[in-house]
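Each reported figure results from applying straightforward, stated rules to the coordinates on display, with no laboratory input. Since this is a predicted model, take the numbers as computed values, not measurements. Cβ placement follows ideal geometry from the backbone for every residue including glycine, while neighbour counts extend to all protein chains displayed.
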Amino acid sequence: GTDTGGSVRVPAAYCSIYGIRPSHGVISVDGVIPLAQSFDTVGWFARDPTLLKCIGNVLLPPSDAQVSPSQIIIPEDCFKLLSIPIDRVKQVLLNSVEKLYGGGVIKHMTLGDYVKDNVPSLTRFMSLGGDSKEEYSVPSLAA
């Protein structure tokens with residue numbers, strides 16, 4: 001299917017299956033009736049991650065690029081949104097990242113702090129309140 005506004009990811013979430021929306025332009029949209037050409041992308045569903053990967057191997061172009069991130073942000077507040085015990089999930093994630101990239105790339109912070117530190121326009125927007133001395137903060141997702 002196509003995923004312009006969540007047409008793969010949302011149904012996948014509701015049906016408890018896997019759905020993926022690749023980056024725009026990675027998979028050809030030839031033959032697809034456009035909804036919004038600057039957002040349209042082809043996505044797919046699968047019942048298990050192995051099949052999802054197999055479909056990706058067919059549809060996605062081969063990648064020769066070696067990924068080595070300099071930093072991986074672990075958004076601490078996002079774990080609080082899970083409806084399952086977070087300690088095990090968090091440990092599996094951290095162990096996987098350390099195994100793949102080393103522990104030196106991991107940075108722990110809240111999503112709100114990351115946005116505040118990395119989106120200068122947000123700071124400017126929040127300062128447009130005039131003479132108000134009111135303190136603004138970017139709320140945590142787990143509010």
Whole-number D in µm² s⁻¹ for the chain, Kirkwood Cα-pair radius fed into Stokes-Einstein, 10 °C, 1.306 mPa s: 85
The set of residues whose placed amide H lies less than 5 Å from the amide H of residue 41, leaving out same-chain residues fewer than 5 positions away, is 3, 4
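Taking the Cβ-Cβ separation of residue 96 and residue 73 as r and a Förster radius of 25 Å, what is the calculated FRET efficiency to the nearest 0.05?
Numbers: r = 15 Å, r/R0 = 0.60.
My answer for the efficiency is 0.95.
Taking 0.36 nm per residue of separation and subtracting the Cα-Cα distance, what length does fully extending residue 39 through residue 60 add?
Length gained between residue 39 and residue 60: 5.8 nm.
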Per 5 Å bin, what is the whole-percent P(r) computed from every C-alpha pair distance within the stretch 9-59? 4, 20, 26, 24, 18, 8, 0
What's log10 of I(q)/I(0) for the stretch 72-128 at q = 0.14, 0.17, 0.18, 0.22 Å⁻¹, Debye sum over Cα points only, no solvent? -0.50, -0.66, -0.71, -0.87
